[in-house]
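Remarks on the structure that follows.
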Amino acid sequence: MSNTEFPDDELRHEQEFIDGLYARVDVLLGEAETSVADALAQGDKPMQARLERDILVAERSGLLAALNAVDGSLCFGRIDLADGTVHHIGRIGLREDDAEHTPVLIDWRADVARPFYLATGHTPMGLRRRRHIATQDRTVTSLHDEILDLGDATRTGHEDPTGDAVLLAALNSARTGRMGDIVQTIQADQDRIIRAPHRGVLVVEGGPGTGKTAVALHRAAYLLYEHRELLARRAVLIVGPNPAFLGYIGEVLPSLGETGVLLATVGELFPGVRATAADGREAAAVKGRADMAAVLAEVVQDWQSLPDPVIAIEHDREILMLDDGLVKVARERTRAAKLPHNVAREYFEGHILNTLTELYAERVGTDPYDGSSLLDASDVTQIRDELAENPEVWAAIDQLWPRLTPQRLVADFLADPMGYVSDDDAAAIRRPVTREWTVSDVPLLDEAAELLGVDERWARARAERERETQVAYAQGVLDVSYASRTYEFEDKEDGDPEASEVLSAHDIIDAERFAERHEEADHRSAAERAAADRTWAFGHIIVDEAQELSPMAWRLLMRRSPTRSMTLVGDPAQTAEPAGVGSWADILEPYVEDRWEHTRLGVNYRTPSEVMDLAAAVVRAENPEFEPPGSVRSTGVRPRVWDAGDDLPGAVAEAVAELTPVEGRLAVIAPRELHRRLTVRLDGVTAGAEPDLTRKVVLLDPRQSKGLEFDSVLVVEPRRYGTSDLYVALTRATQRLGVVHTKGLPKALAEAFG
């Protein structure tokens, strides 16, 4: 129990309740560790192994991780019903160990908790009072009560007349470089989206600071709670715009008790490839176009070649000639099956072997007098079998219809794209085979994989080779075990009962069964298995900054969601990627026609009105009809401008010194080409694809800043930004904004500053 002294009974009561909750959690966490230790102390190694396995399963299922993750603020609210019932609301649910499993703490996602978010004085939903409980670690620091039954004269002294104290405290709190959950402050319009029915495609549109990312993450947690069996088995995929963003949001779901979710960028959705490099604007635009699917299909067909002019195959002292006419017939018959390239190869092999068999049979088995065949069916079968063992036959097949990998197909195409795209497009995307993969390449790799397919015969042969390796390894382990056991008893006399009764591993298991047991021990979560399986069908997919994805990226994602169960989050006004689709209708109509729902978040919780007015002016210069989300607060601090003159790094360093908050974080947002110059004058600040957002000062380019927020933001050289990039950069600040320039400001920004 806490030793903290509290000034009134209400605080003391809530502290006692929370102390009891944490005592239960400590027991749950401690019992697992203690049980293993006890088994080890008793020498019960099988029991220890079994308990460790059970704990591993609990960890994989998220139970222990959830208990650990929510340790800082397990309970955050309470609702008092008109009938006298009281429910405490928390990040996870806990129950008594009695026969009825009486709820002690209500999970925020449960239906009974919903009035905590939706009840108002006009519609109290059966509530008399709503209480927000603020804690620091495990200590209650304050209470905020809202009276919903105005006829109830009882007062606690913790009433919040406006009901906004908790929300404003969260909005004004210092940022840590990691997104926090909003489970304590979910607003009614956000709650409706979070709990929207689990079917079809839901589009959540919202400007900067409207909380759309947080809403999407809480929707993932809600769906996992509401549809646990399905989504735990099929997993939820969350797609973010860049690695920095995924690092930023990475702690939200664990803090809500959910760990079985796969977070990835588009560049990580092809197993074996982790692409972080970005193409130039022209290359990204070309690679992202929908017609690249047809281009790659044409590339695949060109690998299905014809002889030039013939291929000569020696077989049993006879020379068989495969000309383009014969191969063309085999190729067209194979293509008629409409199978992926690698899968169809088996059919092509059969046609070529049949063709060669006919050529050879005609050569050696025709009566020279009347032209009749001298061979019966068994003779023809024998000829075909012999041809199937001829290396020259397989060399010809490999030349005419080679097995291909997606990596080889795409790399060779990008090395020489002429003839498939226009000269300008070819110049934009051409690159050496040795170059690393870019994010824009990954949808091409996925498309290539669809076009190529997998030759199951080849896959089975490879799996068999891997299995033989595992069996050989297992045999080695057993041999070592047998040898060590033999050495241990080799000094015992013949007839010694201890020596004769000892069993070695060889006596109870062979190498093949030992290898099988190793194969069966796959404790990976559904999310981990999904990450390694390109054909995995997810139970639900959430896409953040969805307006930025290219048509080719959407083809990739739709393959991962055959049921089209998706939540798409974004803002067309922030579209900056050259291949971005932008329009929701353009994105979705090819896949679901008009069967999708659209909702909009219109309240800006992050950006102060002083900053939002400035950012909106930039967009209105191009789109006079633009309406930004309305800000709920004002800081009274106007953005500031620095004219750097000839010393940009020096001016940036000066601005950083002034804007860096005592608590919280500052982001310097600058074009990538300026980063090296700026880091020279910014002590301890580095640049890269995956910045550490927990540092006091972080350097980002505009695309990296998408979806992030900081206490203070410094935008460098805004004239080098496109409108969307500048709008994004200006709206990352929760408190203060600064702008540094050398050659003036964009017209709209200059006018807004006055």
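If you count, for each residue, the other Cβ atoms within 10 Å and average over each peptide, how do 607-613, 11-17 line up from highest to lowest?
Values: 607-613: 22.3, 11-17: 16.9.
Packing proxy ranking, top to bottom: 607-613, 11-17.
Value of Rg to Rh for the range 83-211, rounded to two decimals, is 0.97; Kirkwood radius and Rg both from alpha-carbon coordinates. 3J(HN,Hα) couplings calculated from phi for the range 160-167 with the Karplus curve 6.51 cos²θ - 1.76 cosθ + 1.60 (θ = phi - 60°) are, in sequence order, 10, x, 8, x, 9, 4, 5, 4 Hz; Gly and Pro show x.
Remark: spin-label model distance Ala537-Gln399 equals 4.3 nm, labels positioned 7 Å along the Cα→Cβ axis. Pairs of Cα atoms nearer than 8 Å and 6+ residues apart set the relative contact order; for the chain it is 15 percent.
For Asp711, nonlocal amide neighbours, meaning residues 5 or more places apart or on other chains whose placed amide H falls under 5 Å from its own, are Arg175, Arg665, Thr734. Post the alpha-carbon centroid distance, the range 627-643 to the range 548-616, in whole angstrom. So the separation of the two Cα centres works out to 25 Å.
Quick check: at a probe of 1.4 Å, how many percent of the accessible area of the chain sits on carbon and sulfur atoms? The nonpolar share, carbon plus sulfur, comes to 49 percent.
How high is the relative contact order of the range 256-363? Use alpha-carbon pairs under 8 Å, at least six apart in sequence, and give a whole percent. Intermediate values should be presented prior to the final figure.
Values: 57 pairs, mean separation 15.6, N = 108.
Rounded, it is 14 percent for the range 256-363.
A simple rule links phi to the HN-Hα coupling: the Karplus curve 6.51 cos²θ - 1.76 cosθ + 1.60 with θ = phi - 60°, which for the range 741-746 gives 9, 10, 10, x, 9, x Hz, with x for Gly and Pro. Rg ratio for the range 91-139: its Cα radius of gyration over 2.2 N^0.38 Å, N being its residue count, equals 1.38. Near Gln399: Cβ cut-off under 12 Å, other residues only, Lys/Arg at +1 and Asp/Glu at -1. The net charge is -2. A straight chain from Arg620 to Arg457 at 0.36 nm per residue would run longer than the Cα-Cα distance by 52.7 nm. Averaged per residue, the range 513-641 has 44 square angstrom of accessible surface, using a 1.4 angstrom probe with ligands and nucleic acids left out. Each principal axis of the Cα cloud of the range 228-332 was taken in turn, and the coordinate range along them, longest first, works out to 74, 40, 22 Å. For His540, the residues whose modelled amide H falls within less than 5 Å of its own, excluding neighbours fewer than 5 places apart on the same chain, are Leu237.
About the centre of its Cα atoms, the chain shows a dipole size close to 3300 debye [charges on the beta carbon of Lys, Arg (+1) and Asp, Glu (-1) only; nearest 20 debye].
Express in nm, to one decimal, how much length is gained between Asp385 and Glu100 on full extension, taking 0.36 nm for each residue of separation and deducting their alpha carbon distance.
Details: separation 285, 0.36 × 285 = 102.60 nm, distance 7.16 nm.
Extra length available between Asp385 and Glu100 comes to 95.4 nm.
Spread over its residues, the convex hull of the C-alpha atoms of the range 651-744 is 92 Å³ per residue. Reducing the range 666-701 and the range 80-117 to their Cα centroids gives an inter-centroid distance of 45 Å.
Can you give the FRET efficiency to the nearest 0.05 for Arg289 and Ser378, using r as the Cβ-Cβ distance and R₀ = 60 Å? Don't skip to the answer; put the middle values down first.
Values: r = 56 Å, r/R0 = 0.93.
Calculated transfer efficiency: 0.60.
Going through (1) 34.0; (2) 49.9; (3) 38.9, the figure that equals mean projected area of the Cα convex hull in nm² as computed for the structure here is (2).
Rank by packing, highest mean first: peptides 694-705, 351-362, 724-735, with packing defined as the count of other Cβ atoms within 10 Å averaged across residues. Intermediate values should be presented prior to the final figure.
Numbers: 694-705: 20.8, 351-362: 18.7, 724-735: 25.8.
Going from most to least packed, we get 724-735, 694-705, 351-362.
Between Arg12 and Ala49, the modelled labels are 5.5 nm apart [label points 7 Å from Cα along Cα→Cβ]. Helical content of the chain, expressed as a calculated mean residue ellipticity at 222 nm, amounts to -13500 deg cm²/dmol (DSSP H runs of 4 or more residues, -39,500 (n - 2.57) each, divided by residue number, nearest 500). Taking 0.36 nm per residue of separation and subtracting the current Cα-Cα distance, fully stretching the chain between Asp683 and Gln301 would add 132.0 nm.
What FRET efficiency would be calculated for the residue pair Ala277, Arg333, taking the C-beta separation as r and a Förster radius of 35 Å, to the nearest 0.05? Given R0 = 35 Å and the Cβ-Cβ separation, E is 0.25. Remark on His598: its backbone amide H falls under 5 Å from those of Val203, a criterion applied only to residues 5 or more positions apart or on other chains, H modelled at 1.01 Å from N. If R₀ is 25 angstrom, what is the calculated FRET efficiency for the pair Leu118 and Ser634, using the beta carbon separation as r and rounding to 0.05? Result of the calculation: an efficiency of 0.40.
In this simple spin-label approximation, Ser142 and Val433 carry label points 7 Å from Cα along the Cα→Cβ vector, and these lie 6.6 nm apart.
Taking θ as phi - 60° and the Karplus parameters 6.51, -1.76 and 1.60, the scalar couplings of the range 676-691 work out to 4, 4, 6, 5, 4, 9, 10, 4, x, 9, 10, 10, x, 6, 10, x Hz in sequence order, x denoting glycine and proline.
The values are calculated or read from the model by the stated rules, or taken from the named source; none is laboratory data. Given the structure is predicted, the values throughout are model-derived calculations rather than measurements. In this analysis, Cβ positions are derived from the backbone assuming ideal geometry, glycine residues included, and neighbour counts consider all displayed protein chains. All accessible areas refer to the heavy atoms of the entire protein, side chains included, with ligands and DNA or RNA removed. Shrake-Rupley method; radii C 1.70, N 1.55, O 1.52, S 1.80 Å.
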